[in-house]
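For reference, the structure is listed below as structure tokens.
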Amino acid sequence: MTEGFDPGTLRQWWPKPSNPRPIVIFGAGSIVGDAHLPAYRKAGLPVAGIYDPDRSKASQLAESWDIRAFENEADALSVPEAIFDLATPPAAHAAILGRLPIGAAALIQKPMGSDLAAATAILEICRARKLKAAANFQLRFAPMMLALQDAIAKGHLGEVVDFDAWLALATPWGLWPFLKGLPRIEIAMHSIHYLDLIRGLLGNPLGVHAKTIGHSNHDVAQTRTAAILDYGDRVRCVLSVNHDHDFGRKFQACEFRISGTSGAAYVKLGVNLDYPKGEPDELWIRPTGGSDWVAVPLEGAWFPDAFVNRMANLQRFVTGEDDELIGSVEDAWQTMALVEAAYQSSAAPATAIAPLPGQ
């Protein structure tokens, strides 16, 4: 172990709420069974039940987890002191939020609306109804990312000056049938996690240069993105994302490289490799003053443990145990603004190259 650096002391978990409130889940899609319910059961957080307009779908999922499926929306909304977990498509968020009790607590599945205009409408609803609401940009809360944030805060990397995200993998978009026909996919549904994480680490960029495109092998709107976030002349931040590298596992990748002035970190996001089965996450740090890379023993994974930590912060904020609601709708709106800027950049013409003189 590098002298002065103990990876076992890095924070990986959010404190649990002392008196957790019942969780009411709206939506019975795959993400609920893959992440929400496993997370809440693991953390001992009570789930009051699930509501979905497709009652058969909700009943099947509820039965498999031995929880209640609400007969109608009114029953779901009537649970006292509930935390409402909206695991719903972006187009459904605003209507549900508009029917929540005044002052209720809500966790809103990303993205926060289909575009910035929808995100603004959601923000206004939350303000008007005094909702204690956060967006489920849970990558910030993954054990590896909490540890990374802690390492940066403790000075183990020095000043962060480089952030590289590199993805070359095969994503099974067919698992999410509601995406079919949507005009915005890759940045809005996937890389939005990375943009939100980067904002959490580096703050808001000055702007973004981006290009996002589809692939001839399928009809998903976009599956490949290249983006540069402008943080001035001090920090370089680049994302290269390709969900169509479908040539076997050997050279696939899903990783971040974060470099500071005196140390660096490497992160492997294992869940995206062979999703949803996934592989173990990894975090390695070459700390300030160190002579080698040190593996951080991770106690959990992005899925489902980030959902544990995300919900814990919301629960604790509602009961007064946490002073700050991380990823509040006010903060999440700024991630949506960055997403919007990326799409606008992608739609704008690139800087033209001068023609050869004389032609």
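The values are calculated or read from the model by the stated rules, or taken from the named source; none is laboratory data. Everything numeric in this text was worked out from a predicted model, so none of it was measured. Quick reminder, even Gly has a Cβ in these numbers, built from the backbone with ideal geometry, and neighbours come from all protein chains shown. Heavy atoms of the whole protein, side chains included, go into the accessibility calculation; ligands, DNA and RNA do not. Shrake-Rupley method; radii C 1.70, N 1.55, O 1.52, S 1.80 Å.
Tally up the residues in the stretch 133-166 that are over 30 Å from Arg99 (Cβ atoms), in a loop (DSSP other than H, G, I, E, B) and of a type outside the set (A, V, I, L, M), please.
Residues meeting the conditions: 5.
Please go through the stretch 182-201 and give me each residue that is over 16 Å from the mean Cα position of the chain (by Cα) and touching a residue at least 40 places away in the same chain (Cβ under 8 Å), ordered by number.
From the stretch 182-201, those over 16 Å from the mean Cα position of the chain (by Cα) are 182-184; that's our starting set.
Matches in the stretch 182-201: Leu182, Arg184.
Output the number of residues of the stretch 208-249 satisfying the condition of being part of a strand (DSSP E or B) and either among the polar types (S, T, N, Q) or more than 20 Å from the chain's Cα centre (by Cα) (or both).
Residues flagged as part of a strand (DSSP E or B) and either among the polar types (S, T, N, Q) or more than 20 Å from the chain's Cα centre (by Cα) (or both) within the stretch 208-249 amount to 12.
Any idea how many residues of the stretch 18-31 are closer than 18 Å to Gln315 by Cβ and surrounded by 22 or more Cβ atoms within 10 Å (Cβ to Cβ)?
4
Looking only at strands (runs of 3 or more DSSP E) that lie completely in the stretch 1-89, which have at least 2 residues being over 27 Å from Ser114 (Cβ atoms) and modelled with pLDDT of 95 or more? Working first, answer last.
Values: elements: 23-26, 47-51, 83-86.
It comes to 47-51.
Might you check whether a residue that is under 26 Å from Ile187 (Cα atoms) and in contact with a Gly (Cβ under 6 Å, 6 or more places away or on another chain) occurs anywhere in the stretch 113-124?
So far as the stretch 113-124 goes, yes, one or more of its residues are under 26 Å from Ile187 (Cα atoms) and in contact with a Gly (Cβ under 6 Å, 6 or more places away or on another chain).
Filter the stretch 216-228 for residues that are closer than 19 Å to Cys254 by Cα and in contact (Cβ under 8 Å) with a residue 24 or more places away in the chain; which is surrounded by the fewest Cβ atoms within 10 Å (Cβ to Cβ)?
Result: Arg224.
All but one of (1) more than 24 Å from Ala142 (Cα to Cα); (2) out of contact with any helix residue (DSSP H, G or I) (no Cβ under 6 Å at 6 or more places or on another chain) hold for Lys211; which doesn't?
(2)
Here are Pro89, Pro111: which of them is open to solvent by 30 Å² or more (accessible area, probe 1.4 Å), touching a Ser or Thr at 6+ places or on another chain (Cβ under 9 Å) and not β-branched (Val, Ile, Thr)?
Working: Pro111 fails: open to solvent by 30 Å² or more (accessible area, probe 1.4 Å).
None of the others qualify; the one that does is Pro89.
I need the full set of residues from the stretch 250-265 which are assigned to a strand (DSSP E or B), surrounded by fewer than 17 Cβ atoms within 10 Å (Cβ to Cβ) and of a type outside the set (D, E, K, R), in order please.
Listed by number, the list holds a single entry, Ala253.
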